[in-house]
Amino acid sequence: MRFIEKEDINFNNPVILEAFPGTGLVGSIAGFQIIKELNLKYFGYFEVEGVPPLTTIENGIPYPPVRAYAKEDLVVLFSDVIIPPAKINELSRLIVETFLEKDAKLFISLGGLMAGKSEKVFGIANNNKMIEYLKNYVEIFKFGVVGGMSGNILIRCGDAGIDAVGLLAETVGIRPDPRGGANLLEILNKMLDINVNVENLIKEAEAIENKLKELAEQHLKMMSKSKKEYPMYI
Amino acid sequence: MRFIEKEDINFNNPVILEAFPGTGLVGSIAGFQIIKELNLKYFGYFEVEGVPPLTTIENGIPYPPVRAYAKEDLVVLFSDVIIPPAKINELSRLIVETFLEKDAKLFISLGGLMAGKSEKVFGIANNNKMIEYLKNYVEIFKFGVVGGMSGNILIRCGDAGIDAVGLLAETVGIRPDPRGGANLLEILNKMLDINVNVENLIKEAEAIENKLKELAEQHLKMMSKSKKEYPMYI
Amino acid sequence: MRFIEKEDINFNNPVILEAFPGTGLVGSIAGFQIIKELNLKYFGYFEVEGVPPLTTIENGIPYPPVRAYAKEDLVVLFSDVIIPPAKINELSRLIVETFLEKDAKLFISLGGLMAGKSEKVFGIANNNKMIEYLKNYVEIFKFGVVGGMSGNILIRCGDAGIDAVGLLAETVGIRPDPRGGANLLEILNKMLDINVNVENLIKEAEAIENKLKELAEQHLKMMSKSKKEYPMYI
Amino acid sequence: MRFIEKEDINFNNPVILEAFPGTGLVGSIAGFQIIKELNLKYFGYFEVEGVPPLTTIENGIPYPPVRAYAKEDLVVLFSDVIIPPAKINELSRLIVETFLEKDAKLFISLGGLMAGKSEKVFGIANNNKMIEYLKNYVEIFKFGVVGGMSGNILIRCGDAGIDAVGLLAETVGIRPDPRGGANLLEILNKMLDINVNVENLIKEAEAIENKLKELAEQHLKMMSKSKKEYPMYI
Amino acid sequence: MRFIEKEDINFNNPVILEAFPGTGLVGSIAGFQIIKELNLKYFGYFEVEGVPPLTTIENGIPYPPVRAYAKEDLVVLFSDVIIPPAKINELSRLIVETFLEKDAKLFISLGGLMAGKSEKVFGIANNNKMIEYLKNYVEIFKFGVVGGMSGNILIRCGDAGIDAVGLLAETVGIRPDPRGGANLLEILNKMLDINVNVENLIKEAEAIENKLKELAEQHLKMMSKSKKEYPMYI
């Protein structure tokens, strides 16, 4: 496993945002929005064996599935494929090592918490100083178990002596959740002092939610109607 | 596989208590109680490939699944995940090597024996001197087969020339068994001259046991009633 | 994995045509036609572990499954077996390395896009200069995901600093599709200034298509007849 | 894989008896009897990855599953677990190498032949000199295929230039067969000039056989009775 | 993987005959006949991991499953087990390397072609000179795909610059086919100027064929009888 650099970027203590796919895809949704709105450049890719050999084409040019976009002070790690659990330890270590060499000043990992709703965002951090810092933005996640990259990369950062925080957005379930993504983005806008448009994601979320509400109402009508017409005894 | 040290602890011939999950979780239950009541510090973690990439969050801070807590004269090895059988040999060796460097004076392995009841604790040891020592506290386990870490770590300690004993608590079955954990804790309180509260575990056990008794009585009534009403001939 | 050279060919900045089997076999069909019509010589083979140990016999002489045919200015990579996904990264790298040593000037990868028809050919490239070059011949593939060798080999060429393009022919489905192969061949005739006969493939395609049309008509008659005789209500 | 020596034994050209579990457990039964009656000492163990991580407890002391017992002129190799087929080559080699260093003078491998009865013991050897020697004790096994350690260790000994024989006892089937074990022990008593009690095993065998005879008679009575009472036509 | 030499044979440019098991076992049948009738000596064995750990006993002496028999000018490679496909590349390479050191002058690979009959033998070769040579004995195999060792070993010989031919006997199906073996033997008798008895195999074949003919006739009678008695309409 290794990182292949494709662009020369003049880094200035960048923040590293890990936005790999996870529960509700909330991290990927927020990360994608940042890449597009801040016009980040394709910076390079991680060669990860065991990942399906897919490439994404954009305007005729193919890109490897696990890659990094960047500008001077910000890197977003994005993936078209789910990172296989057996590769998470190794990839975490490679990410930390790669961006320590670029004098990263902070790692932020984005993830989702299955919660049946998409309201809050919780924070975790790899030391108490960062827990205090996080309290300015989010509620601290008290006790629980977290899978995937989020916890793992925080521990690797701790081992390497660099600050790292995780933002875990509540999300309805397993379907892609733009509202959860928007909630992450609102926190990131404040933390990173950026100004990424959140409206699109919220509209997308409302459209999905209205559609679901409609379906539920139809279902309800049908049920109440069917009750009158075909009473059931069980 | 390697141990990553996270805290500087000024060890003084510590006793190493292996409390990884096993039958009835009796070892983990006793180990957890010791960690909390003696205020042990998080000392470091074992990087074990093949274990699910989970992290446990406590007060916003993520911890790897297989880890060590310690104070000057005591280390407790604890895990949120079951150690995969294929990793036991290698992990045993790494544990012994790691804590020999800290001048460990004794290894104690905690485990459970499925016995349909939670009464006795049996002892095993890696040499006859320690068998004699154990007789002051528990009955010696005469003959049988033991899986998991318990026997394995004793053999590795023997190879390295260091004393090791195992405490095997009887346990009802496969459900978590706080009474078996309490029985281990009572022996450890004497052996290590510590004073960890056992009452909590016994109350927890009694609550579970009363609940089970109640369920059994209801079941009995229902059965005798059904016998009268619906006699069965088979 | 390694390349075993079997013939001494006096290369002069050859173009490397990757024609391994993929969707609709369009690349293999076009590649085979070029090998035969331009009388390319058997140049060598790739030793790929994990591929079924088959050999193809031609006029009594066995050939390994993954091989290269060549003349001074053209190499065609051909395979009797599908390249296992887990070998694609390594084989891509070996191909690029092998033919950089022969001063290759361009890599062209052939592939198929399942489209329900066999009309267009789309282009991808590993840099914007080659995108502009491709626009003279084909429409650029805007956005999507591509599996197999096609995208992968373009990325490896990009890493090695050599130009590479991919030609992706629309294809009906998963059956071998000579019309899609012919469409690739027509582009290649222009791009490489060669003159490989396309008529054979088109006749083959028309024969298949007429057969399918006939079957469809018979089916239609049978259905309309059955409708009259056995009206169906569902 | 390696051998870990646990006891200092002053060897004098020992005979190495391989008594790992196989068909009918005849070798293990005979080997166990020799270990107990000749008071062999626990000499060491083979660390074999892929074997279940079990330890056998005897009088409170845990032992690894694949181990060696010894006295000055005799070693018995014993295992609580079946050696996985994929480990047989490597373990055979390690055994031969380990005991050549102890100036072993002969290897004897014990095994079973499924024969529907437990009468004869057959011999195999890794050279014609040993075939002649064996004829003093047993019938030579003419032609057939043998699995497991028995044949394998003879071939490894032949490669290392040391004499080796195999004793293959007929055995009824797959259940543990003390009579087959006794038959092996009678040959070994003569070959090694030892005097291990065979009576226990024969009594055990007779007890099992009487039990089986009784069951068969009951079954017969039941069948003849049921025939009269419930005649069957199929 | 390695070859272990067991006998000192004074080779004089031997021909190497590969007779490993394949379709119809025709190669093994012919090879076995040559080993017995020409009194070849057991020369050594190939240590192949992944092959079942079986040993064949002959007159009390165990032999490993994949082995070589030889005399001054002829080596026959024979195996009691099918070579696993994943081992074919490596074993081919080891065979060629081993016997190049013995100044082999020609490799002959024996195999079967499923053909529904056992009449012809076809030839393949690793260069055109050998194709011409083969035409004196057999028809050349024009076009097709061959699995297993036959094609593979020819390619390895070609890479090493040594002549190799393959003889592929037609065979009825998947049952052992002595007639196909006899057909191979007749060609080998001429090619190698040896005089191995073919009659035994032909008699064996005729016995099998007569038995099958008889069964077919009985079946036919039964069918025609059943037709009259129980006419069937489907």
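Points worth noting:
- Screening residue C:105 against (1) under 26 Å from residue E:87 (Cβ atoms); (2) touching a strand residue (DSSP E or B) at 6+ places or on another chain (Cβ under 8 Å); (3) among the charged types (D, E, K, R) leaves a single unmet condition, (1).
- Applying the condition of being assigned to a loop (DSSP other than H, G, I, E, B) and touching a strand residue (DSSP E or B) at 6+ places or on another chain (Cβ under 7 Å) to segment D:70-80 and asking which residue is farthest from the other protein chains (Cβ to nearest Cβ) yields D:73.
- Qualifying residue in segment A:51-58 (condition: within 21 Å of residue C:145 (Cα to Cα), assigned to a loop (DSSP other than H, G, I, E, B), at pLDDT below 95 and in contact with a strand residue (DSSP E or B) (Cβ under 9 Å, 6 or more places away or on another chain)): yes
- Residue in segment C:55-69 that is away from chain E (no Cβ under 14 Å) and either open to solvent by 10 Å² or more (accessible area, probe 1.4 Å) or not polar (S, T, N, Q) (or both) present: yes
- Residue among E:3, E:20, E:43 that alone is outside any loop (DSSP other than H, G, I, E, B), within 19 Å of the chain's Cα centre (by Cα) and of a type in the set (A, V, I, L, M, F, W, C): E:43
- Any hit, segment C:199-217, residues being among the aliphatic types (A, V, I, L, M), at pLDDT below 90 and touching a strand residue (DSSP E or B) at 6+ places or on another chain (Cβ under 8 Å): no
- Residue match in segment B:27-39 (condition: open to solvent by 70 Å² or more (accessible area, probe 1.4 Å) and not in a helix (DSSP H, G or I)): yes
- Qualifying residues in segment B:124-171 (those that are buried (at least 22 other Cβ atoms within 10 Å of the Cβ) and away from every other protein chain (no Cβ under 12 Å)) - the one nearest to the chain's Cα centre (by Cα): B:169
- When residue B:133 is tested against (1) more than 24 Å from residue B:29 (Cβ to Cβ); (2) touching a Cys at 6+ places or on another chain (Cβ under 9 Å), exactly one condition is not met: (2).
- Within segment D:94-116, the set of residues being more than 15 Å from the chain's Cα centre (by Cα) and open to solvent by less than 80 Å² (accessible area, probe 1.4 Å) comprises D:94, D:95, D:96, D:98, D:99, D:100, D:102, D:104, D:106, D:115, D:116.
- Residue in segment D:81-93 that is surrounded by the most Cβ atoms within 10 Å (Cβ to Cβ), counting only those that are within 14 Å of chain B (Cβ to nearest Cβ) and not in a loop (DSSP other than H, G, I, E, B): D:87
- Per-region count, segment B:69-93, residues over 19 Å from the mean Cα position of the chain (by Cα) and among the hydrophobic types (A, V, I, L, M, F, W, C): 1
- Taking each residue of segment D:15-38 that is free of Cβ contacts under 8 Å to residues at least 12 places away in the same chain and looking for partners that are part of a loop (DSSP other than H, G, I, E, B) with beta-carbon atoms closer than 8 Å, six or more apart or interchain, yields nothing.
- Cβ-Cβ distances below 9 Å connect the following pairs, each with a first residue in segment C:44-68 that is farther than 19 Å from residue E:93 by Cα, a second residue that is open to solvent by less than 20 Å² (accessible area, probe 1.4 Å) and aromatic (Phe, Trp, Tyr), and a separation of six or more residues or different chains: C:68/C:43; C:68/C:45; C:68/C:46; C:68/C:99.
- Condition broken by residue E:194, with the remaining ones in (1) under 18 Å from residue E:19 (Cβ atoms); (2) among the aliphatic types (A, V, I, L, M); (3) crowded, with 16+ Cβ neighbours inside 10 Å satisfied: (3)
The values are calculated or read from the model by the stated rules, or taken from the named source; none is laboratory data. All figures in this text were calculated on a predicted structure; none of them were measured in a lab. We place every Cβ from the backbone using ideal geometry, glycine too, and count neighbours over all the protein chains shown. Accessible surface is based on the protein model in full, side chains and every heavy atom, while ligands, DNA and RNA are left aside. Shrake-Rupley method; radii C 1.70, N 1.55, O 1.52, S 1.80 Å.
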